[in-house]
Amino acid sequence: MKKVQSIRIENLTKSFGSGDSFVSVIDGASFTVNKGELIALVAPSGAGKTTLLMMIGCVVDPTSGQIWLGEEKVYDNHWLTNNSRQIRREKIGFIFQAHYLIPFLNVIENVTLVPQTNKIPTKEANAHAMELLKYFDIADKAYNKPSQLSGGQNQRVAIARALANNPEIILADEPTAALDTERSISVVKMLKKIAAEQNVAIIMVTHDERMLEYCDRVMKIEAKKIVFE
Amino acid sequence: MINLAQKDISHTLGKFIVTAMGVGMLLGIVLIMIGVYRGMMVDAEKLLKDISVDIWIVQEDTLGPFAESSRIHEDFKDTLKVIEGIDKSEALTFQNLQLYGLDKPVRVTAVGFNPFGSINPINSANLIAGRTLQKSHYEAVISTESGFKLQDKIKIGRNYFTVVGLTKGTVSSGGEPLIYISLKDAQELQFSFSNAIIRNDRERGINASGDIHTVNTVVATVKEGYDVAQIAKKLGMWKHVGVYTNEEQTTILTKNLVERSSKQIGLFTAILVVVSTIIIGLIIYTMTLEKMKEISIMKLIGIPDSIIVKMIVQETLILGFFAFIFGNIFSHLIYEKFPKRVVLEAPDALGLFVVIILASVLASFVGVGKVIHADPTVAIGG
């Protein structure tokens with residue numbers, strides 16, 4: 001099967017401060033992630049995993065380099081778009097360590113918030129959200145508030161939210177950190193399945209080496225450089 | 001599209017309602033303050049409207065019985081009657097009294113008039129019980145606001161007066177209840193001295209027996225077809241008296257006497273509106289701070305600022321609206337408990353509503369500023 005590039009990074013650098021306070025976090029990162037791949041991003045705390053993820057997600061400004069999301073070049077030493085949030089809404093799904101659902105919205109509203117912002121009609125967005133909730137076996141909780149769900153259920157809702165806008169890319173920042181081993185394996189298997197079935201590129205930050213066996217590739221940050229195992 | 005403001009409010013409905021009630025009480029006080037001002041204006045004009053005459057003759061170089069001390073001879077009323085165009089004329093007195101006999105002393109304004117004269121200052125529409133004065137002495141008609149009842153005996157000076165009638169809502173320009181007594185009784189109270197004082201003054205070579213045929217004002221009505229201003233101008237040429245039309249007397253009362261008080265109330269009301277705006281702003285700021293995590297998440301997942309700002313502004317407007325409703329309910333519940341007249345009028349409430357909506361929009365800016373500057377990476381602790 002032909003590999004289709006979903007994320008391409010060239011010579012990406014990120015540094016903070018200047019002079020004595022100058023700190024380089026990422027130096028000359030270059031890599032590609034293809035559609036359908038689940039990539040694990042592993043590095044010690046403070047090595048820049050989240051910063052790299054947020055640069056790919058158009059949240060944090062890189063210092064230099066190039067970024068392609070799908071076919072679109074979005075960064076070339078400066079942002080090539082003035083609406084990075086539209087890119088996030090349309091191309092990227094985010095999953096975090098905690099579920100970070102909006103507490104005053106119920107499950108289905110949390111899942112349809114981004115699609116509805118993308119002008120998808122409510123009926124259509126709700127139908128797609130229900131499909132996702134059924135996929136994750138939490139359709140019966142569609143009208144419950146996040147406070148009425150368990151941690152695992154909320155994390156599944158968060159994954160459904162990340163998928164609701166049919167993204168090309170999912171950026172998952174330690175999605176299993178708050179879960180026990182059994183649930184962690186279940187979530188990672190789920191991500192693997194999503195990557196394969198939905199043809200989505202997923203970068204997952206993790207500290208848990210037990211999860212690496214379920215990933216297609218393992219990417220590490222070593223001495224500010226990106227290396228693949 | 002999901003209405004985020006509505007969802008957020010219903011999530012913390014109890015807290016939101018209590019907050020709106022708190023702000024509403026403040027707005028209720030604003031409405032009461034406006035009502036106090038309106039009440040002052042109504043009170044100021046009430047007595048003039050009840051007396052309902054065209055011309056006021058007062059002591060020269062004075063503004064009349066309500067603004068300054070005024071004394072003129074009673075017989076001016078007879079002189080006036082021969083003037084062309086004058087229909088009726090009568091003498092009136094006004095004086096402040098403190099009445100005893102109830103739990104607490106009551107401050108009233110006494111209006112003295114001739115019960116058999118052609119001008120009766122008691123507006124029959126205000127007479128809710130008993131009758132008007134029918135005797136020359138020792139009868140009184142008094143406002144229910146004083147606390148006295150029909151047939152009560154009230155000691156005024158050296159004599160007891162029987163309450164023969166009760167009026168409602170009759171107050172002086174200062175808001176004090178009115179007591180109507182006969183002109184003769186009023187003159188005796190105001191202008192006569194006790195025997196001891198007369199004797200004492202005679203010893204000192206002073207003739208202080210006093211002219212009790214003095215009144216505070218003589219009022220007159222003008223026949224139909226005659227110009228009040230022209231007649232007043234003609235009478236103004238007389239020596240030793242001042243002449244005002246009813247309009248001029250109303251202006252003296254509302255502009256000269258009430259204006260400073262109204263400015264004071266106006267300033268107080270403006271300060272309360274500013275305080276309400278600041279409080280709404282602080283509440284919205286706090287509500288926004290409480291949602292910063294959610295706002296950061298929304299920004300991170302790509303929700304545009306316009307949608308988040310809309311939520312904040314809508315919440316502020318809804319808070320302002322409910323606070324206004326609660327303020328109205330609160331003011332209507334308590335306004336009758338105030339000792340002086342409070343007049344709540346719909347246009348004032350409507351004006352306050354517009355002000356509060358504008359103030360809410362202004363107050364939302366603090367929350368909106370917070371949203372605009374919120375860092376999406378805060379959501380993930382980055």
Give region B:311-347 a look and list any residue that's closer than 23 Å to B:E145 by Cα and either in contact with a strand residue (DSSP E or B) (Cβ under 7 Å, 6 or more places away or on another chain) or of a type in the set (S, T, N, Q) (or both), or say none. B:S331, B:R341
Name every residue in region A:63-76 that is open to solvent by 10 Å² or more (accessible area, probe 1.4 Å) and outside any strand (DSSP E or B), in order of residue number. A:T63, A:E71
On the given criteria, is B:V30 more than 14 Å from every other protein chain (Cβ to nearest Cβ) and closer than 30 Å to B:E176 by Cβ? yes
Is there any pair linking a residue in region A:66-94 that is more than 14 Å from chain B (Cβ to nearest Cβ) to one that is acidic (D, E) and open to solvent by 20 Å² or more (accessible area, probe 1.4 Å), with Cβ under 6 Å and at least six apart or on different chains, and which? A:Q66/A:E10; A:Q66/A:D76; A:G70/A:E168
Given the residues B:K77, B:K88, B:K135, B:K104, which is the only one that is in a strand (DSSP E or B) and either at pLDDT 95 or above or open to solvent by 20 Å² or more (accessible area, probe 1.4 Å) (or both)? B:K88
All-but-one check, B:V355 against (1) in a helix (DSSP H, G or I); (2) in contact with a Ser or Thr (Cβ under 8 Å, 6 or more places away or on another chain), failing number (2)
Considering only residues that are under 17 Å from A:V74 (Cα atoms), aliphatic (A, V, I, L, M) and over 18 Å from the mean Cα position of the chain (by Cα), which ones fall in region A:1-28? A:L12
Of the residues A:Y214, A:Y143, which single one is of a type in the set (S, T, Y) and at pLDDT 95 or above? A:Y143
Looking at A:R161, A:R156, A:R183, which one is within 14 Å of chain B (Cβ to nearest Cβ), surrounded by 15 or more Cβ atoms within 10 Å (Cβ to Cβ) and basic (K, R)? A:R161
Residue identified as away from every other protein chain (no Cβ under 14 Å), in a helix (DSSP H, G or I) and in contact with a helix residue (DSSP H, G or I) (Cβ under 7 Å, 6 or more places away or on another chain) among B:I297, B:I279: B:I279
Could you list, in sequence order, all residues of region A:77-91 that are in contact with a helix residue (DSSP H, G or I) (Cβ under 8 Å, 6 or more places away or on another chain) and either crowded, with 18+ Cβ neighbours inside 10 Å or closer than 24 Å to A:V205 by Cβ (or both)? A:R85, A:R88, A:R89
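Okay, residues lined up against (1) open to solvent by less than 60 Å² (accessible area, probe 1.4 Å); (2) within 25 Å of B:S360 (Cβ to Cβ); (3) in contact (Cβ under 8 Å) with a residue 12 or more places away in the chain:
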{"site": "B:I2", "(1), (2), (3)": "yes, yes, no"}
{"site": "B:K7", "(1), (2), (3)": "yes, yes, no"}
{"site": "B:H11", "(1), (2), (3)": "no, yes, no"}
{"site": "B:L26", "(1), (2), (3)": "yes, yes, yes"}
{"site": "B:Y37", "(1), (2), (3)": "no, yes, yes"}
{"site": "B:M41", "(1), (2), (3)": "yes, no, yes"}
{"site": "B:I55", "(1), (2), (3)": "yes, no, yes"}
{"site": "B:G64", "(1), (2), (3)": "yes, no, yes"}
Residue that is buried (at least 17 other Cβ atoms within 10 Å of the Cβ) and at pLDDT 95 or above, where the choices are A:V59, A:V107: A:V107
Members of region B:138-166 that are in contact with a strand residue (DSSP E or B) (Cβ under 8 Å, 6 or more places away or on another chain) and among the small types (G, A, S): B:A140, B:S143, B:S146, B:G147, B:G165
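The values are calculated or read from the model by the stated rules, or taken from the named source; none is laboratory data. Here the structure is a predicted model, which is why all the values come from computation and not from measurement. Because the Cβ atoms are built from the backbone with ideal geometry, glycine has one as well, and the counts that use them run over all protein chains shown. In case anyone asks, the SASA skips ligands and DNA or RNA and just uses the protein heavy atoms, side chains included. Shrake-Rupley method; radii C 1.70, N 1.55, O 1.52, S 1.80 Å.
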